[in-house]
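Structure first, then comments.
What follows draws every value from the coordinates through simple rules; no lab data is involved. Since this is a predicted model, take the numbers as computed values, not measurements. All Cβ positions, glycine included, derive from the backbone under ideal geometry; neighbour counts span all protein chains shown.
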Amino acid sequence: MFRRVVRMIAALSCAFLVVLAVPAAGASREEPLEIVTATGPHVLRVEMARTSKEREKGLMFRTSLAPDAGMLFDFHSEQTILMWMKNTPLSLDMIFVSSAGRVVSVAQETAPFSERVISSGAPASAVIEVNAGTARRLSVAVGDVVRHPIFGK
C-alpha cells in the first residue's frame, strides 16, 4: 500500500511539472528585427505570430508593451492583409511589409478596441505591430527596409 501511494505521488508530481512546463515551452520568445529608415537602422524586439491562432490573438488584452517591442505577424505569402483592434486596449502602429522586406504601408495610432478593418492597401506578407507613435518616432516610411529571417526567402 505504501509503495502504491509513493508511486501515485511521484506520478502526480511528474504530471504537475509537465503541466507547468507546457506553457513555458509555448511561450513566445522575442526576436530582433531591424527597420532601416531615413534616420538609420532601428532594432526592435518582436514576438512572433506565425500560426492562425497566434495571429488571431495578436496583442489582444495586452495593457502594456515595452518601448521598441512589438509583434511580427507572418502570413507566409503576399496578400492584402486585413487587421483590426478588437479587444486591444493599446493604440498601435501597424507596419505592413512585403515578402522582400519592404514597407508597403503604415497605419499609425490605431484606435483601441475598434472593429474597423485596417487594410494593408497593397500586397504584404507580414505586419509589425508596435506602440502608437513608434513609426513616427523612427520615421518609418513606404519603401523602408525591414530585416528579419522571414523576409527575402
Using 0.36 nm times the number of residues separating Ser77 and Arg29, minus their current alpha carbon distance, what extension gain do you get? 15.0 nm
Cα-projected label distance for Arg102 with Val36, points at 7 Å along beta-carbon direction, nm: 1.3
For Ala69 and Lys57 in the same chain, what is the full-extension length gain: residue separation times 0.36 nm, less their Cα-Cα distance, in nm? 2.6 nm
